[in-house]
Amino acid sequence: MKLTLVVACALVDGDGRVLVAQRPEGKALAGLWEFPGGKMEPGERPEETLIRELDEELGITVKEACLAPLTFASYAYESFHLLMPLWICRRWEGQITAKEHTALKWLRPGKLREVPMPPADAPLIPALIDLLGA
């Protein structure tokens, strides 16, 4: 089974809320809410991928020093196995804009379970609740 490495980021605002983004129509798992991020390109380090993806998806600039690894998910989809490390980021530059997603929401960690998420994202929620509270 093919292993796919995807990196994700929990952007946390000053009120302790986490940003989730809704996958657009036409993409796999359309309509579900996810943590921003994406697939690593050949030769990229995970942090470089996050910096690139957050710029592409949300129009923000993130410095590597502002990314802190938190946890990871390992999930077997039907046609591939996903390994997804999750970073936390509390500082960025620019205005967050949904450039590739249908919508964006800021939610308290305890409310993340109330939005439909891809099966690989859901296991990341307990670590966010442990870190940030419900």
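Per-residue Karplus couplings for the range 24-34, computed as 6.51 cos²θ - 1.76 cosθ + 1.60 with θ equal to phi - 60°, are listed in order as x, 4, x, 9, 4, 6, 3, x, 7, 9, 9 Hz, Gly and Pro entered as x. Can you tell me which lysines have their Cα less than 20 Å from the Cα of K27? Leave out same-chain residues fewer than eight positions away. Qualifying lysines at Cα under 20 Å: K2, K39, K99, K105.
Segment E64..L3, full-extension length gain: 19.4 nm, with 0.36 nm per residue of separation and the alpha-carbon distance subtracted. Please report, to two decimal places, log10 I(q)/I(0) for the chain at q = 0.12, 0.14, 0.18 Å⁻¹ as given by the Debye formula with identical point scatterers on the Cα atoms and no solvent. Per q value, in the given order, log10 I(q)/I(0) is -0.41, -0.58, -1.01. Overall, the range 57-134 carries a charge dipole of about 320 debye about its Cα centre when +1 sits on the Cβ of Lys and Arg and -1 on the Cβ of Asp and Glu, all other atoms neutral. Within the chain, antiparallel bridges make up roughly 70 percent of the DSSP beta bridges whose residues both belong there.
Debye sum, Cα scatterers, the range 70-114, no solvent: what log₁₀ I/I(0) at q = 0.13, 0.21, 0.26 1/Å? Values returned for q = 0.13, 0.21, 0.26 Å⁻¹ are -0.51, -1.13, -1.12. Basic side chains Lys and Arg get +1 at the Cβ, acidic Asp and Glu get -1 at the Cβ, and with that the dipole of the chain about its Cα centre reaches some 300 debye.
Note on the range 23-96: Cα convex hull, mean projected area over all directions, 5.8 nm². For the chain, the solvent-accessible area works out to 52 Å² per residue, with a probe of 1.4 Å and every protein chain left in place. Projecting the Cα positions of A68, A98, P109 onto the charge dipole of the chain (unit charges on Cβ atoms of Lys, Arg, Asp and Glu, taken about the Cα centre) puts P109 furthest along the positive direction. Considering only E34, E114, E53, the mean-square fluctuation computed in a Gaussian network model of the chain, springs between alpha carbons under 10 angstrom, is largest for E114. Largest mean-square fluctuation among V115, V12, V20, in a Gaussian network model of the chain whose springs join Cα atoms under 10 Å apart, belongs to V115.
The 3J(HN,Hα) values that the Karplus relation (6.51, -1.76, 1.60; θ = phi - 60°) gives for the range 103-110 are, in residue order, 7, 10, 9, 9, 10, 5, x, x Hz. Gly and Pro appear as x. The accessible surface of the chain, taken with every protein chain in place and a 1.4 Å probe, is 53 percent carbon and sulfur. When the Cα positions of P126, V7, L83 are compared along the charge dipole of the chain, P126 comes out farthest toward the positive end, with charges on each C-beta of Lys, Arg, Asp and Glu.
The alpha carbons of the range 89-134 stretch over 28, 23, 16 Å along the principal axes, in descending order. For the range 15-63, the average shadow cast by the Cα convex hull is 4.4 nm², which is a quarter of the hull's surface.
The values are calculated or read from the model by the stated rules, or taken from the named source; none is laboratory data. All values derive from a computational prediction rather than experimental measurement. Backbone-built Cβ (ideal geometry, glycine too); neighbour counts: all protein chains shown. What goes into the accessible areas is simple: the full protein's heavy atoms, side chains included, and nothing from ligands, DNA or RNA. Shrake-Rupley method; radii C 1.70, N 1.55, O 1.52, S 1.80 Å.
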